[in-house]
Amino acid sequence: MSPLTAILAPSILAGDHANLAASALGVAALGLKWLHLDIMDGHFVPNLTFGPETLAALRRAGSKLFFDTHLMLSEPHQYVEAFAKAGANLISVHIEPGYDHSATLARIRALGCQCGIVLNPGTPAAAIEPHLNSVDLVLVMTVQPGFGGQAFRRDMLPKLQQVAAWRRERGLSFRLEVDGGVDLDTAAECRAAGADTFVAGTSFFRSKDQTAFAAAIARL
Ligand code: DX5
Ligand code: ZN
């Protein structure tokens, strides 16, 4: 199967939290289609961000971007309905907390969204293997989640290669996303390892030329 087209998903975590609508509209103005939204509960990760009302407000402000919603929550199953109603297009949940992963992924789809499964750096690829048939996206974290601006974990590349190999061997078509410390150099390394969907917070929002940044990702 030929590789999926490279998609850039800017992480609004690195946007202007006093004016997230402007940050989202700026992403769309570049012709980009995806926006990554990081939801943190101060429990699964040691930080807090925002909730479904922020997604709803971005929709009311006119954002038509594909909302790639990354739930870093201990109890994600309690919130998928709220995020779906608020305007999420894809909802990703972590494999690490104890809840019914299969039922939650099915519930996300029943709510009309795409679903994704996420692995922390310390979690082996084998943990998500039973779910590969049931997801639209696998997100391999390339930092310990909780904060933007951390250094890319190059030791995650073999995990990406493993998930990409399973996808190829099994004829599956889920997207393979990376998140954390992704810039133009590390994105190229991830692309070579099989990734096709690139979350970029700090590197994108601090870039002096976002148009060139987006074009470089599209060429990967
Ligand atoms: C980390 C978040 C990331 C974060 C990435 O916990 O899941 O999406 O925004 O930020 P950068 O690109 O700055 O590493
Ligand atoms: Zn994220």
Suppose we filter A18, A22, A9 for residues that are small (G, A, S) and within 13 Å of the chain's Cα centre (by Cα); which single one remains?
A9
When I108 is run through (1) over 18 Å from A195 (Cα atoms); (2) out of contact with any helix residue (DSSP H, G or I) (no Cβ under 6 Å at 6 or more places or on another chain); (3) not aromatic (F, W, Y), the failure sits at (2)
Determine which single condition M72 fails, assuming it passes every other condition in (1) aliphatic (A, V, I, L, M); (2) under 24 Å from I7 (Cα atoms); (3) without any contact (Cβ under 8 Å) to a residue 60 or more places away in the chain; (4) surrounded by 17 or more Cβ atoms within 10 Å (Cβ to Cβ).
(3)
Write out, first by first residue and then by second, each pair whose Cβ atoms fall under 8 Å of each other, whose residues are 6+ apart or on separate chains, and whose first residue, in the stretch 2-13, is under 10 Å from A195 (Cβ atoms) and in contact (Cβ under 8 Å) with a residue 40 or more places away in the chain while the second is surrounded by fewer than 24 Cβ atoms within 10 Å (Cβ to Cβ) and polar (S, T, N, Q).
L4/S173
The condition from (1) within 13 Å of the chain's Cα centre (by Cα); (2) more than 13 Å from ligand 1 (Cβ to nearest atom); (3) within 16 Å of S92 (Cα to Cα) that L55 misses is numbered (1)
Which of the following residues is modelled with pLDDT of 95 or more, surrounded by 14 or more Cβ atoms within 10 Å (Cβ to Cβ) and within 16 Å of ligand 2 (Cβ to nearest atom): L132, L139?
L139
Output the residues belonging to the stretch 58-90 that are hydrophobic (A, V, I, L, M, F, W, C), within 14 Å of ligand 1 (Cβ to nearest atom) and under 24 Å from F205 (Cα atoms).
F67, L71, M72, L90
Identify, from the list I91, I39, I7, the residue that is touching a Cys at 6+ places or on another chain (Cβ under 8 Å) and on the phi < 0 side of the Ramachandran plot.
I91
State whether the residues of the stretch 201-213 include one that is surrounded by 18 or more Cβ atoms within 10 Å (Cβ to Cβ) and among the aliphatic types (A, V, I, L, M).
no
Mind counting the residues in the stretch 53-68 that are crowded, with 20+ Cβ neighbours inside 10 Å and without any contact (Cβ under 8 Å) to a residue 40 or more places away in the chain?
3
Output yes when any residue across the stretch 155-167 is free of Cβ contacts under 8 Å to residues at least 40 places away in the same chain, part of a loop (DSSP other than H, G, I, E, B) and surrounded by fewer than 21 Cβ atoms within 10 Å (Cβ to Cβ), and no when none is.
no
Are any residues in the stretch 178-220 free of Cβ contacts under 8 Å to residues at least 40 places away in the same chain, outside any loop (DSSP other than H, G, I, E, B) and among the charged types (D, E, K, R), and if so, which ones?
D185, E189
Starting from the stretch 99-123, take each residue that is over 15 Å from L137 (Cα atoms) and list its partners that are among the β-branched types (V, I, T) and modelled with pLDDT of 95 or more, counting only C-beta distances under 6 angstrom and pairs at least six apart or across chains.
R107/V80
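The values are calculated or read from the model by the stated rules, or taken from the named source; none is laboratory data. This one's a predicted model, so the numbers in the text were calculated from it and none came from an experiment. So basically every Cβ, Gly included, is an ideal-geometry build from the backbone, and we count neighbours across all protein chains shown.
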